[in-house]
Each structure stands twice: as C-alpha cells, then as structure tokens.
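The values are calculated or read from the model by the stated rules, or taken from the named source; none is laboratory data. From a predicted model like this one, the values you see are computed outputs, not experimental measurements. With ideal geometry, Cβ positions are generated from the backbone for all residues, glycine too; neighbour counts draw on all protein chains shown. For the accessible areas, the whole protein counts, side chains as well, though only heavy atoms, and no ligand, DNA or RNA atoms are used. Shrake-Rupley method; radii C 1.70, N 1.55, O 1.52, S 1.80 Å.
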Amino acid sequence: MDVKLSRRLENLPPSATIAMSTRARALKAQGADVISLALGEPDFPSPEVALKGAIQAVQEGQTGYPPIGGMPSFKDAIIQKFAQDNHLHFAPENILVGNGGKQLIYNAFAATLDPGGEVVIPRPYWVSYPLVAQMFGAVTKFPECRESDNFRLTASALAASLTPRTKWVILNFPNNPTGAVLEEEDLLAIAEVLRRHPHVAILSDEIYEHLTFGNRQHVSLLNVAPDLASRVLIVNGMSKAYAMTGWRVGFGAGPAGLIRAMTTIQSHATSGVCTLAQAGAVAALQSDPSRRVEMCAVYERRRDHVLSALQGIEGLSCARPDGAFYLFPGVQRLIGLTTPGGRWLEDDVAVAEALLEEAHLATVPGSAFGQAGYLRLSIATSDADLTEAIARIKDFVQNLRG
Ligand SMILES: Cc1ncc(COP(=O)(O)O)c(C=O)c1O
C-alpha cells in the first residue's frame, strides 16, 4: 500500500509542464526528432567567473555549514546589487539567501499564510504561486491580465480582487509566461490601489528584471512607491540573468520581521544555501554586466524573429513580449479544428498535445498558467531550433481542417 498523502496535497493538480516534458522525453527516446520550447531555462552556460569563484571556495576549504540567512560576503554583494541596479537600499537584516527564488516564495508563504487567507495572483501566472499558496490553505484570486493590454496588470483588475482577507498580492514583471513588463505609470496606479489596502503585503518577483527589450527598463514597485517598503518582499535570484539555474541561489529583500520569520522556516527546512554556490554567485554578481547584456540581446533578437513569424501565421495572435524569454501566442482560432492525424482540438491542451505528437514540438498549454487558449513558447533555445519550430507550427496550423 502506498503511503497516504496529506489532505493538503489532495487538491494539487499534476503539473502540465512536467506531463508535457515527460511525454517529449518518451518520444525522443523512441527516436523522434523532438524540439522543445517547453523549458524556462537559459540555453547559455554559467559565467566563467562564477565557476572560478566556486572553485576557489573549494580550494580554500569553504565547506562548513553556511549561516542560515546567507554568507556575509554574498549579502554584501546583494545589498550592492540592489543599490546599483535598483536604487534601493537595504541592510543585512533585510536580506535572505535561499535555494533559488522558489524557496524565498515558499518561506514567505509558510511564514505568513493561515487557512482562508487570500493570495491575489494576476493571471496568466507562473505555476508555482497558486500551488504553494494552496498548500498553506490560502484562497487564491486571479485578476486577469489581458492580451489587449499586452498582458499588463491594470489597477482596476487588481482593485476588484482585493478584500479584507487579502494577505498577499503577487507582482511578476517581466512576466513568466507572457513577457509583459510594467511601466512606471502602471506601477503608480497599482501603488495607489495598494495604499488603500494597508493590510496587504506585496511579493514582487523580479527574477527576470535584467531581461527587458528595446528601451524598456525594469522598474520596481519600490522605485515609484518607497512608502510601501514595510510590506514589500522582492524576490530575485541567479537563475535567469546569470544562467545559473543549477546552482540554486536566490535572494529576497524585505522588512526585517518578515525576513527573520522566513529565515526561521529555512533553518528547519534546508539550512543555509551551499557555500560553494554562494561563492560563485558573489563572483557573478560582482562581475561586469557585459555578459548579461549580451545574453539579453540574443533573447531580444530571437523575440523579434519568432514574434514576426508567429504574427504572420493566419489563425494565431501574439502580443509583443517586452521582457523574459517567452512568447505567449493565442490559439483560440484553432480550437474546434481537426489535425491531419484526426485529433479534434478541443482546447489549448489538445493543441499542445497535437503539436507534440504530430509535429514533434513541445510547448506548454496556457491553461497550465491559468490562461486557456494560449501556448507558452520558450525562446531560450538555439536559433536553428527556433527556425525549425516556426516551420513546424506554420505547417501544423495550415493543415488543420474545419
Ligand atoms: C517567475 C519565476 N519566479 C521564480 C522562479 C524560480 O527560479 P529559481 O528558483 O531557479 O530561482 C522562476 C523559474 O522558473 C520563475 O519563472
């Protein structure tokens, strides 16, 4: 008999992202030429300086338990990073280093949520927010970010989802899965709404901050509303901007009381983050930003390429992402059609399944992000694969029958 799972897990749906990548791997193992645009992981190696920093830490024998909340040298580097990049000023007691941005979010919810508390998550959203919130008994609310607004969160949609029970509002811009970036005027209006609800804390997930295109610059909520500092937790990390996903290094900045509680949770769950990984992260954060900037330029070029190709395919729509490394095309007009292989496209999940089975292209259905009728395509993959992926999508769409 299997071990009985907790009631907490009873309502957790299986992950569509994992289901899709498992199926893609199985097809590949059978010899199919599968291209995957399903992963949210940079296709660049980690920076040389990070490798050297970690190697040096090994050679110096930095192998003891790290302080729970982060090594002092890394906290200093993070404080400097916030001052330089974001013009925000924090002290060590405002900073917590965790195993990826993910652990910061988990810690924050574990430290603050009681059953029935509400978490407002603009949709489409990154899959982990609602699942972690629900694990702690929270009720989730999903104001919609519309394609017609380039998937930016409007102050009115936010205002309509706030109640006296709201505990957290999540802001994630640049956004996964849409690539939407908020402008200063959006944030000013959002801050105005938040001022009317002083009981609400804000989790600002800025992990894609360095990936913005054209003349777009990431603006943090605290840049336009420093008066909200006592209730804003910024989450960030090394995974995306520095291509350091496997190092599992993230960091948070927020009010000292909250950071203290999150540190306590972490002390019982995982302790501090691997010393060697932190040493690599210090070196990366302190290195000159040219490599980061180059990677961003590559994503931007790919964004332009894939966006114009998708917009040229009859039957698809696609808003322009201004950041991150995803496109989020609408496939509503394909719903109800039939593939050459005889599959009836009932919804976006069926579209993603058919693309995988018949065109050997892995994507993630929008419903995994709370937004049916769309697909998420990652452009963190080679130009050659992207060109082939576009050809497959075009061919797939053109051969659908009514
Ligand atoms: C929006 C968002 N936040 C946070 C994370 C967590 O990243 P990590 O735990 O690797 O720092 C991800 C990773 O996919 C993400 O897309």
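Here are a few things to note about the model shown:
- Hits in segment 202-220 (condition: open to solvent by 30 Å² or more (accessible area, probe 1.4 Å), of a type outside the set (D, E, K, R) and over 20 Å from A83 (Cβ atoms)): G214, N215
- Residue within segment 379-392 that is within 17 Å of W126 (Cα to Cα) and not β-branched (V, I, T) present: yes
- The lone criterion from (1) away from the ligand (no atom under 14 Å from the Cβ); (2) within 30 Å of A160 (Cα to Cα); (3) in contact (Cβ under 8 Å) with a residue 24 or more places away in the chain left unmet by R292 is number (2).
- Total residues in segment 238-271 satisfying the condition of being of a type in the set (D, E, K, R) and either part of a loop (DSSP other than H, G, I, E, B) or near the ligand (Cβ under 9 Å from one of its atoms) (or both): the figure is 2.
- Among all positions in segment 114-126, there is at least one residue which is open to solvent by less than 20 Å² (accessible area, probe 1.4 Å), at pLDDT 95 or above, touching a helix residue (DSSP H, G or I) at 6+ places or on another chain (Cβ under 9 Å) and under 27 Å from S267 (Cβ atoms).
- Unique match (being without any contact (Cβ under 8 Å) to a residue 40 or more places away in the chain, within 16 Å of the ligand (Cβ to nearest atom) and among the hydrophobic types (A, V, I, L, M, F, W, C)) among A108, A133: A133
- Residue-level check: of (1) surrounded by 14 or more Cβ atoms within 10 Å (Cβ to Cβ); (2) touching a residue at least 24 places away in the same chain (Cβ under 8 Å), A19 misses just (2).
- Residue list for segment 139-190, filter: closer than 12 Å to G117 by Cβ and open to solvent by 10 Å² or more (accessible area, probe 1.4 Å): V139, T140, K141, T163, P164, R165, K167
- Residue match in segment 266-282 (condition: among the small types (G, A, S) and within 22 Å of N175 (Cβ to Cβ)): no
- Flag if L355 is modelled with pLDDT of 95 or more, crowded, with 23+ Cβ neighbours inside 10 Å and either in a loop (DSSP other than H, G, I, E, B) or more than 23 Å from the chain's Cα centre (by Cα) (or both): yes
- Condition met for I335 (open to solvent by 50 Å² or more (accessible area, probe 1.4 Å), outside the structural domain of N150 (by TED's automatic domain parsing), away from the ligand (no atom under 16 Å from the Cβ) and among the aliphatic types (A, V, I, L, M)): yes
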